[in-house]
Structure formats: C-alpha cells, structure tokens
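Colleague: Questions regarding the structure given below will be posed in turn.
The values are calculated or read from the model by the stated rules, or taken from the named source; none is laboratory data. For clarity, every value in this text was computed on a predicted model and none was experimentally measured. So basically every Cβ, Gly included, is an ideal-geometry build from the backbone, and we count neighbours across all protein chains shown. These area figures cover heavy atoms from the full protein model, side chains too; ligands, DNA and RNA do not enter into them. Shrake-Rupley method; radii C 1.70, N 1.55, O 1.52, S 1.80 Å.
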Amino acid sequence: MSRSVPLTAHSPHPLPDILAAFRDARYWRARLGAFEGGSPTLDALDTDSAGRTTVAMTMRFGGDQLPDPIRRLRLASLEIVQREVWFPGDDGRARGEITVHASRTPMSGRGAVDLAPNGPGTTLTGTATVKVNVPLIGGTIASFVAHQLATGIVDVVAVTDAWLSEQR
C-alpha cells in the first residue's frame, strides 16, 4: 500500500540562510540532537561546487521504542537510513529530495520538497509518500508512517528556524 500526505510550512528566515544551514555540519549535529530516541548518527555530508548538498543519517530504534502500528511487523529493532539532497534552482527557489529506507522491513518513503522565497521568509511545500508491502495491515501502517514522515519534514523547519535564530 502506498500513501501520500501533503505538507506545508513557513519559515521567517530567507532561503539563502536555510541553504547555508544545510551545508553546515554544526546544523546537522543540532538537528540530530533534536531527535527523541533513535540514536541518530550523521553518516555523510557533502556540498558540491553547484551548491547541491547531500546528507545521510541513520536512526536506530529498539523494539520497545517503536510505535504500535510498526510493532505489528514484529521487529526486534529498526534501523532507518535517511538521505537528503538539497539544491538551489535557477529560479531563486530550491528543491529537496528525501528518501527513507528501513532495512529488513517492507517499508520505504520519500519526500519531495520545494522551498520558495515568500516575503522576507521561505515557504516549504511538498509531499511525503510511504510504501508498505504488507497484506491487510499495510494501509494502516503506510498511513501512520506517511503522517509521521510529513510531520518530521515540517518539524525540520522548526529545528532549522531555532538553529538559525541562535546563529544571529
């Protein structure tokens, strides 16, 4: 089963500041520190000469840390690898592509995010999509995880805003 959830958020910070944060390892350490549980690690961070930033991180959860819908998969633990690519566009906007892979599970997810200047700030719009290949309960799990992914992407805006405000 596949489920998609739209997402929208607004930041008071200008887009160039947000993209600069995405290139900064200190930002990623702060962002990972905002996670509750999951023992997150920053596995890779690279920005090329065109301004394209690629990041990879891993979160590990014990079975007792998993929400009820995920427990239905009867996992002893869960490892989630998240990859993000952020790149500026020629039109003054930026785009993000987020992929989430949960090894040893029938789940995967992705997010497509557009960042656009909006007055002095930035507006984020996009879609979070989750696919769960489990008969009967896959739809319930996919809906839950899609909502969690969308909420997580929007929560990133709050973490980014807080980090940028502290840097001023």
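Colleague: Is it true that Val159 is under 20 Å from Val5 (Cβ atoms), modelled with pLDDT of 85 or more and buried (at least 17 other Cβ atoms within 10 Å of the Cβ)?
Modeller: It is true that Val159 is under 20 Å from Val5 (Cβ atoms), modelled with pLDDT of 85 or more and buried (at least 17 other Cβ atoms within 10 Å of the Cβ).
Colleague: Kindly indicate the residue of the stretch 1-37 that is in contact with a strand residue (DSSP E or B) (Cβ under 8 Å, 6 or more places away or on another chain), open to solvent by 60 Å² or more (accessible area, probe 1.4 Å) and not basic (Lys, Arg) and also nearest to Asp114 (Cα to Cα) among those meeting that condition.
Modeller: Thr8
Colleague: Something else: Anything in the stretch 40-49 that is touching a residue at least 12 places away in the same chain (Cβ under 8 Å) and either open to solvent by 80 Å² or more (accessible area, probe 1.4 Å) or touching a helix residue (DSSP H, G or I) at 6+ places or on another chain (Cβ under 6 Å) (or both)? List them, or say none.
Modeller: Within the stretch 40-49, Pro40, Leu42, Asp43, Leu45 qualify.
Colleague: Out of (1) under 17 Å from Leu124 (Cα atoms); (2) at pLDDT below 95, the odd one out for Gly62 is which?
Modeller: (1)
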